[in-house]
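The values are calculated or read from the model by the stated rules, or taken from the named source; none is laboratory data. Note that the structure is a prediction, hence the values are computed from the model and not measured. Please note: Cβ atoms are built from the backbone with ideal geometry, for glycine as well, and neighbour counts cover all protein chains shown. When the accessible area is computed, the model is the full protein with side chains, heavy atoms only, and any ligands, DNA or RNA have been set aside. Shrake-Rupley method; radii C 1.70, N 1.55, O 1.52, S 1.80 Å.
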Amino acid sequence: MEQSFIAYIENSIKENWDLDALTDYKGATLQYKDVARKIEKLHIIFEASGIKKGDKIAVCGRNSSHWGVTFLATLTYGAVIVPILHEFKADNVHNIVNHSEAKLLFVGDQVWENLNENRMPALQGIICVKDFTLVNSRSEKLSFAREHLNALFGQRFPMMFLREHVHFTPESSPEQLAVINYTSGTTGFSKGVMLPYRSLVSNVLFCNRTIGIAPGDNIVSMLPMAHMYGLMVELCNCFAKGCHIHFLTRMPSPKIIMDAFAEIKPRVIITVPLIIEKVIRGKVFPMLEKPLMQLMMKIPFVNTQLQQQIKNRLEEAFGGNMEEIIIGGAALNHEIELFLHKIGFPYTIGYGMTECAPLISYSPWQKARLGSCGKVIDRTEARIDSADPEHIVGELHVRGDSVMLGYYKNQEATDAVMKDGWLNTGDLALLDKDNYIYLKGRSKSMILGPSGQNIYPEEIEARINNLPYVNESIVIEQEGKLVALIYPDFENAEKQGLSKRINEIMEENRIAVNKELPAYSQIVKIKLYYEEFEKTPKRSIKRYLYQNA
């Protein structure tokens, strides 16, 4: 490793002291020196709370400047950050806080309204991430420190807080634990991915070398920072480079996103396929379907000019200042990718997973290859479990500096995916001679939500299967919505004289399960099956047979 992660943060603060760092869209801006000041104040809070190096601090709230400050303060103190998706239900948040053994919890206003501090007995305190007020304290020292924070800060820096005062103790070892990132909130499915500092610095080193950003460049943060894609590429990478990060603090609807692009004019855009697909299907394809446009597109010279005009219009829609758009989190629609490739639009597709913090492959748009999700990143090896990795699909395995330590307090789950230092990704792929990855399918069944949330069908199915007159179920995605395929318990329903009410009962079940689920994973429709789902010899449902049901 060339440098420690914490040294990257310290150096960026000092080198970019007077530059804008973090902005809440349509709200306040913090310069790098302001971030440093708030970090030091949070360190005073941590000390008063009895937080020691290696202790866990959880944060659960919408993306915001203070969310970013909390993350940076936690790591520069030597504690372990536990990011929690703000859309998780209260029970999920309680579960993660307890399972991770967090000592402090930073919460957004809306999250706090639904939580019960009595369900999280190990916490020393709960702090509102919006303004760092103390909303619950079990420590007199913590209460005193928060009440007298400015005075304590003044005692520590009696003259003036200057950049030379910024000094964070680097991580003691590349193997030191930095982040526990939970892939889910439900007890039965929770896996806390343990990411050491080497995972973070490996990703930052690669991003700094390959992504074309510079100090002062504008970035729009719209991916949930509770997931590693947004946390690493939008926050860690861009902060280390001295960029100005603008957080969309509300639910990032297409209109809010496009307005933000027009105003902020970001240099690089990090997004998920859904955003790109909506823009192109809404702004470009309807225009191309007009008869005159179709005719003109067939005339060679005119065709080239039109493609350039379309490309210019698209780039303008994304702010007109972009170096490239990085797409990740899920597969891009093939039709959309072919179109972007044809007009020479500066897009690239990356690939990763939480267990790699998250990058596995990426290429700058000039080196991107059609159908590929990029080249295996530095300090990472990849192999395909196949006799001919270039032509015969097999499971993708990776190893290297970015790979996790394992799952927190779950050795069985760790052993299931880690084999002799290699991480079995569960994804099916080809690997060409130049180390470009071509994903061919997911043996995992994760669905990407509308704003980059991870949706795990098994969690929803487990709830559905516990409802009245349900034998088994599969949750699939259709046109961006979740649909539940259900094989009802017809035999029991008939015994109870309820056969004719089965559709009504299933609709009642849909309403009931939605009450337990976040907004991004609501079931919009139920489709009944009259035969048992086809199974493997191990009695697992052959999910792939029903993806286009």
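Segment 221-277 and segment 38-85 have Cα centres separated by 22 Å. Of all DSSP bridge pairs formed entirely within the chain, close to 55 percent run antiparallel.
Quick note on segment 37-175: its Rg to Rh ratio, both from C-alpha atoms and Rh being the Kirkwood radius, is 0.96.
Loop-located GluC sites (Glu not before Pro) in segment 125-229 (DSSP state other than H, G, I, E, B) with a sparse environment of at most 13 neighbouring Cβ atoms within 10 Å: GLU175. The Stokes-Einstein estimate for segment 358-510, based on a Kirkwood radius over Cα pairs and taken at 10 °C with 1.306 mPa s viscosity, is a diffusion coefficient of 85 µm²/s.
Neighbours of ARG463 by Cβ distance under 15 Å: Lys/Arg scored +1, Asp/Glu scored -1, total -4.
Whole-Hz Karplus values for segment 390-398 come out as 7, 10, 10, 5, x, 6, 8, 10, 9 Hz, taken residue by residue from phi with 6.51 cos²θ - 1.76 cosθ + 1.60 and θ = phi - 60°; glycine and proline positions read x. Accessible surface computed residue by residue for the chain, with neighbouring protein chains in place and a 1.4 Å probe, gives 44 Å² per residue. The H on the amide N of PHE106, modeled in the peptide plane, is under 5 Å from the matching H of ALA58, VAL59, CYS60, ILE127, each at least 5 residues off or on a different chain.
If only the Cβ of Lys and Arg carry +1 and only the Cβ of Asp and Glu carry -1, the dipole of the chain around its Cα centre is close to 580 debye. Overall shape of segment 310-353 was characterised from the C-alpha gyration tensor. The equivalent ellipsoid obtained from it has semi-axes of 19, 13, 7 Å, in decreasing order. When the helices of the chain are scored as -39500 (n - 2.57) per DSSP H run of n ≥ 4 and the total is divided over every residue, the value at 222 nm lands at -10000 deg cm²/dmol. Which loop GluC sites (Glu not before Pro) in segment 1-100, with loop taken from DSSP, have no more than 14 other Cβ atoms within 10 angstrom of their Cβ? Here the GluC sites (Glu not before Pro) that fit, given the DSSP loop and packing criteria, are GLU2. P(r) tail for the chain: Cα pairs beyond 29 Å make up 56% of the total. Projected over all directions and averaged, the alpha-carbon convex hull of segment 477-516 occupies 3.5 nm².
Close amide H pairs (under 5 Å, H built 1.01 Å from N) link ASN471 with TYR487, ASP489, residues at least 5 positions away or on another chain. What trypsin sites (Lys or Arg not before Pro) in segment 447-549 are in a loop by DSSP, with at most 16 other Cβ atoms within 10 Å of the Cβ? Sites meeting the loop and neighbour criteria: LYS515, LYS538, ARG539, LYS542. At the listed q of 0.13, 0.17 Å⁻¹, the Debye profile of segment 272-382, built from one uniform point per Cα, gives log10 I(q)/I(0) equal to -0.54, -0.85. For segment 1-109, the share of alpha carbon pairs falling in successive 5 Å distance bins from zero is 2, 11, 21, 21, 20, 15, 7, 2, 0 percent.
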